[in-house]
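Only the coordinates and a few stated rules stand behind these numbers; no lab work does. Quick caveat: nothing in here was measured; it's all calculated off a predicted structure. Backbone-built Cβ (ideal geometry, glycine too); neighbour counts: all protein chains shown.
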Amino acid sequence: MSSNLHPMLNVAIKAARAAGAIINRAALDVESVRISQKQINDFVTEVDHASEQAIIETLLTAYPGHGILAEESGNQHGAKDSEFIWVIDPLDGTTNFIHGFPVYCVSIALMVRGKVEQAVIYDPTRNDLFTATKGRGAYLNERRIRVSKRTQLKESLLSTGFPFRPGDNFKTYLHIMSDVMQRTAGLRRPGAAALDLAYVAAGFTEGFFETGLSIWDVAAGSLLVTEAGGLVGNFTGEADFLEQRECLAATPRIYGQLVPILTKYSKFASAGDKASVRQAVQAHDDVPAAAEDAAADGPAAPETDRSEESPRAPF
């Protein structure tokens, strides 16, 4: 830890590394980790709880008057009326972790009077430490980072998260992906939103978007992005997004190109935009049914002599 860092950021780094050590030890024998299910496709492990406890103990030992908002324990710990609130995701990417897929991280942010002022995202598998203090820039392993310099969406690599919870609108999300994918160089789904945001800040990707996120998923990453010169908001481009459950982050030029594409999919979209999306989804659903009806009504295709067909490829 550097003596040049803000004292509160140094404590957050200490907490993140303590959690990372717990995660790395558990990853050596991940099949023995006890897993429970909060809801369908939403898992929590004993590692989440142990990691969260280590973070909370480290933070409250240094700052007993601060509040805590954590994914697993909520606001059970810390002061209830403090202007200083630590927002914690002890293991973002739990599903990846329990499968041994090495894309997950620890996310810690400090909010002061509702604004994120300190941020740490720690990737224990790579020992990558992303940090930011408001007004002091963003860093990866003590090296200053900036968002990508690419300015055209067609050259950009974006990351996202797929819907996986009961009630998520899968059909609408397929339309979002279709709208975005055909305009970009690629779309990725790594599976840890906090790390996705850190990667935008570091310039590894040009943008990120996802719905259904909680404040602990995005608080730390949002400061990294803005301190690295990027923009963060909801799908309509509004900056007050932390608790709105939709997030768009990108370089300024790419952000400006993504907002017009994603606006109609926002829960804050106009009634006209929402209606057009519903119509598009309905029209898409009707196409296969119409094609099947036409096939049923039309003449049967002549049978072919399969003995003359070329042999099937072995894949």
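Observations
- Global dimensions of the stretch 214-257 from alpha-carbon coordinates: Rg and Dmax equal 9.5, 27 Å.
- Its Cα centre serving as origin, the chain has a Cβ charge dipole (Lys and Arg +1, Asp and Glu -1) of approximately 1340 debye.
- Between residue 99 and residue 155, the contour length at 0.36 nm per residue exceeds the alpha carbon distance by 17.0 nm.
- Cα convex hull of the stretch 86-177 - mean projected area over all directions, nm²: 8.9 nm²
- The stretch 237-279 and the stretch 141-215 have Cα centres separated by 13 Å.
- For the options 246, 57, 206, a Gaussian network treatment of the chain with springs between C-alpha atoms closer than 10 Å singles out 57 as fluctuating the most.
- For the chain, calculated [θ]222 nm from helices alone, where every DSSP H run of n ≥ 4 adds -39500 (n - 2.57): -12000 deg cm²/dmol
- Charge sum, other residues only, whose C-beta stays under 13 Å from residue 137's C-beta, Lys/Arg counted +1 and Asp/Glu -1: +3
- Fraction of beta bridges assigned by DSSP in the stretch 133-266 that are antiparallel (%, nearest 5): 65 percent
- Chain lengthening between residue 214 and residue 245 when straightened (0.36 nm per residue, less Cα-Cα): 10.6 nm
- The stretch 169-293 - Rg (one decimal) and Dmax (whole number), Cα, Å: 15.4, 55
- Cβ-based net charge around residue 271, under 15 Å, with every Lys or Arg adding one and every Asp or Glu removing one: +3
- Estimated distance in nm for a label pair at residue 115 and residue 276, the labels positioned 7 Å out from Cα along Cα-to-Cβ: 3.6 nm
- Under 5 Å between amide hydrogens, built in the peptide plane, is the criterion, and for residue 205 it picks out 200 among residues at least 5 positions away or on other chains.
- Kirkwood hydrodynamic radius of the stretch 1-92, from inverse mean 1/r over distinct Cα pairs, in Å: 14.0 Å
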